[in-house]
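The next block holds one structure in the form of structure tokens; read it before the comments.
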Amino acid sequence: PSSPQWLDSWAPADGAERVRTLFARSFEGAGPDGVWFAPGRVNLIGEHTDYNAGLCLPTALPHRTYVALRARQDDVVRLVSAQTPDEPWEAKLADVAPGTVRGWGAYVAGVAWALARAGHEVRGFDAVVDSCVPFGAGLSSSASLECAFAVAIDDVSGLGLAADDEGRTQLVEACRRAENEIAGAPTGGLDQSAAMRCGEGTALLLDFRPGLSAVESGQPVPFEPASGGLELLVVDTRAPHALVDGQYGARRASCERAAEILGVDNLREIVPAELDDALAKLAPSDDDGVLARRVRHVVTETERTAAFAEHVAGGRVAEVGPLMTASHASLRDDYEVSCRELDLVVDTAVRAGAVGARMTGGGFGGSAIALVPKGDVGRVVAAVDGAFAAAGLTPPAFLLAPPSAGAGNG
Ligand code: ADP
Ligand code: MG
């Protein structure tokens, strides 16, 4: 049997050196104006709650996308990525609009477009990218790409938005618009908020209730697994995503239908104490019990997320384990968005010594997380790797994820 595959993060100085070298190879003349980065993220708990006005709790990975960028006097954008070396990208900002640009550069040009739309003066640039955030693993390489460029453009344009949390919420909004309107991928802002607003040793409690200001909707919560002798382990299942789009839309539609029957604007209005009454009220229009299961997940998941945040804020990190495992069971049985690979990681990790484990992200593939006592990481990793091999599945990849800094320069 081969040894488990690790996806190590780069030391920040190595990431910076990589993009400086790539810049020198890609563009003539002076070097870049600077180097910037933004992290990938994992959601600790609170899944499928964002579009139900609920809570979620992401944290930033030490895995980052690095950018070296040099401002231009005109409005041309030229891009090179170490991940897509055969696809250098070029466009004029004046030509960027919804539906007009294709390829990976849309995520980048979209950020410049959105900042310009918000009234900022933004010019063109030459830039290179390199990243140790895996693509399509549910760890949000796309948001890390957008956010790394957002802080770079912010800096070279003298906008100063990255200097404080309020300004960062504006950069989050620009990145969200870039992904939705220019890259054409639906996202609710969770990923961009995590990449832009998380800090070392913290998680970000995001509250999607309407009526909160952008700053109010994200509160930092201290989260230091190491203080409890634990490691946050991420497992990229490498499972092929199938049918994801239709499933996501179907879940959203069920939640909207349930809210309509219950006469509420969103499912956050159903507090846990009223859950049984709500389920009884749904029953006459819910022959197969699907709506009841979806609502039970959404209501209990926000309750678990609040409890998780309280535990970690109070320094009781190990006590979140059962909440994680309960979240997974709810996603598997009530929300029905897990898959064989995710279940295998969770069951195997818990049996091998994890204090808790769950799928993270939208489901049907992507990654799972486990909180593991430091001394048991090797055993958990070997057990998961062995279980995948025994089941004939593609080998998974493993990441260690101490809660890390949000987007910045250097
Ligand atoms: P993820 O879960 O990783 O965010 P997405 O499908 O949302 O998956 O985003 C992945 C896409 O983002 C890639 O297909 C590519 O277009 C773009 N992308 C992300 N990082 C890079 C990079 N370093 N270089 C080029 N493109 C990138
Ligand atoms: Mg993405």
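The values are calculated or read from the model by the stated rules, or taken from the named source; none is laboratory data. Everything numeric in this text was worked out from a predicted model, so none of it was measured. For neighbour counting, all protein chains shown are included, and Cβ atoms are generated from backbone atoms with ideal geometry for every residue, glycine included.
Below is a table of values for the structure above.
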{"quantity": "Test for residue 114: is it touching a Lys or Arg at 6+ places or on another chain (Cβ under 7 Å), at negative phi and in a helix (DSSP H, G or I)", "calculated": "yes"}
{"quantity": "Residues of region 177-189 that turn out to be at pLDDT below 95 and within 12 Å of ligand 1 (Cβ to nearest atom), as a count", "calculated": "4"}
{"quantity": "For residue 336: the one exception among (1) in a helix (DSSP H, G or I); (2) free of Cβ contacts under 8 Å to residues at least 60 places away in the same chain", "calculated": "(1)"}
{"quantity": "Test: residue in region 49-65 that is more than 19 Å from residue 168 (Cβ to Cβ) and of a type in the set (D, E, K, R)", "calculated": "no"}
{"quantity": "Residue in region 66-95 that is nearest to residue 117 (Cα to Cα), counting only those that are β-branched (Val, Ile, Thr) and buried (at least 17 other Cβ atoms within 10 Å of the Cβ)", "calculated": "77"}
{"quantity": "Residues being aliphatic (A, V, I, L, M) and buried (at least 17 other Cβ atoms within 10 Å of the Cβ) - total across region 8-52", "calculated": "8"}
{"quantity": "Test: residue in region 320-334 that is touching a strand residue (DSSP E or B) at 6+ places or on another chain (Cβ under 8 Å), within 19 Å of residue 239 (Cβ to Cβ) and among the hydrophobic types (A, V, I, L, M, F, W, C)", "calculated": "yes"}
{"quantity": "When residues of region 121-136 are limited to those that are at pLDDT below 95 and in contact with a helix residue (DSSP H, G or I) (Cβ under 8 Å, 6 or more places away or on another chain), the one farthest from ligand 1 (Cβ to nearest atom)", "calculated": "134"}
{"quantity": "Condition met for residue 252 (within 22 Å of the chain's Cα centre (by Cα) and under 20 Å from residue 205 (Cα atoms))", "calculated": "no"}
{"quantity": "Pick from region 114-136, criterion surrounded by fewer than 24 Cβ atoms within 10 Å (Cβ to Cβ) and touching an Asp or Glu at 6+ places or on another chain (Cβ under 8 Å), ranking: farthest from residue 237 (Cα to Cα)", "calculated": "123"}
{"quantity": "Of all residues in region 177-205 being away from ligand 2 (no atom under 16 Å from the Cβ) and either in a helix (DSSP H, G or I) or of a type in the set (A, V, I, L, M) (or both), the one that is nearest to residue 317 (Cα to Cα)", "calculated": "203"}
{"quantity": "Test: residue 102 is basic (Lys, Arg) and either closer than 30 Å to residue 395 by Cα or within 16 Å of ligand 1 (Cβ to nearest atom) (or both)", "calculated": "yes"}
{"quantity": "Matching entry among 378, 365, 353, 410 (being more than 23 Å from residue 198 (Cβ to Cβ), surrounded by fewer than 17 Cβ atoms within 10 Å (Cβ to Cβ) and out of contact with any helix residue (DSSP H, G or I) (no Cβ under 6 Å at 6 or more places or on another chain))", "calculated": "378"}
{"quantity": "From 277, 287, 245, residue being assigned to a loop (DSSP other than H, G, I, E, B) and either under 25 Å from residue 178 (Cβ atoms) or acidic (Asp, Glu) (or both)", "calculated": "287"}
{"quantity": "Subset of region 126-173 [away from ligand 2 (no atom under 16 Å from the Cβ), in a helix (DSSP H, G or I) and small (Gly, Ala, Ser)]", "calculated": "152, 162, 163, 167"}
{"quantity": "Of residues in region 137-162 being within 14 Å of ligand 1 (Cβ to nearest atom) and under 18 Å from residue 74 (Cα atoms), the one surrounded by the fewest Cβ atoms within 10 Å (Cβ to Cβ)", "calculated": "152"}
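Conditions (1) more than 25 Å from residue 224 (Cα to Cα); (2) of a type outside the set (Gly, Ala, Ser); (3) part of a loop (DSSP other than H, G, I, E, B), marked per residue:
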position	(1), (2), (3)
24	yes, no, no
28	yes, yes, yes
35	yes, yes, no
39	no, yes, no
45	no, yes, yes
51	yes, yes, no
63	no, yes, no
67	yes, yes, no
